[in-house]
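The structure appears right after this line, and notes come after that.
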Amino acid sequence: MLAGVSMDYYARLERGHLAGASESVLEAVASALQLDDAERQHLFDLARNSNSEDHDVWPAAPTNPARIAENIDVFDFTLTTDQLAAIDALDTGQRGGPHPEAISLENFGRPIPED
C-alpha cells in the first residue's frame, strides 16, 4: 500500500483516472510522493478537471507568474562531473528484474495485468 491506498487504486490514479478521488486520498498520495507545492496543486487541478462534467482533456496552463517561474525553476541546476559519473555507473548492462517473458501467473502466483 502507498499512503493507505491499494496499489490497484494508485495505479488507476497514476493512469489519470482521478474522477471521484477524495481530497484526503489526494493529500495522502501527495504526501507519500513528497510533492512540492506546484506538483501538489497540479495533482489537485487534474482531479478537479476529472470531476467536472465538461472538462478539457488537458488542464489549463497556469497563468500565475509565480507558479510559472516555480515550474521552470525545476530545471535550474547543473550536475557535477562526479554526479554524472555516478549516474552512468548505474547502468550495469544487466536486467534488474525478471525477463518480461518470465512474468506469468505460474511464476508469480497471481494474474499479471495486461495494460
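The values are calculated or read from the model by the stated rules, or taken from the named source; none is laboratory data. Bear in mind the structure is a predicted one, so any value in this text is a computation, not a measurement. Ideal geometry is used to build each Cβ from the backbone, glycine not excepted, and the neighbour counts take in all protein chains shown.
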(Q) Conditions first: (1) modelled with pLDDT of 85 or more; (2) in contact with a strand residue (DSSP E or B) (Cβ under 6 Å, 6 or more places away or on another chain). Ala32 passes all but one, so which condition is the exception? (A) (1)
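Name the single residue that is surrounded by the most Cβ atoms within 10 Å (Cβ to Cβ) among those in segment 70-91 being polar (S, T, N, Q) and in a helix (DSSP H, G or I). Please lay out each step first, then the result.
The first filter runs over segment 70-91 and keeps only residues polar (S, T, N, Q), leaving 71, 78, 80-81, 83.
Those still in the list that are in a helix (DSSP H, G or I) too: 71, 81, 83.
Working: Asn71: 16, Thr81: 7, Gln83: 11.
Here the residue is Asn71.
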Q: Only residues in segment 104-115 that are part of a helix (DSSP H, G or I) count as the first member; pair them with residues that are aliphatic (A, V, I, L, M), Cβ under 8 angstrom, at least 6 apart or cross-chain, and list the lot.
A: Leu105/Ile112
Q | Long-range neighbours under 6 Å by Cβ, at least six apart or interchain, first residue more than 13 Å from Leu43 (Cβ to Cβ) within segment 12-26, second surrounded by fewer than 18 Cβ atoms within 10 Å (Cβ to Cβ) | A | Ala19/Ser50; Ala19/Asn51
Q) Within segment 55-66, is there a residue that is outside any loop (DSSP other than H, G, I, E, B) and either surrounded by 10 or more Cβ atoms within 10 Å (Cβ to Cβ) or at pLDDT 85 or above (or both)? A) no
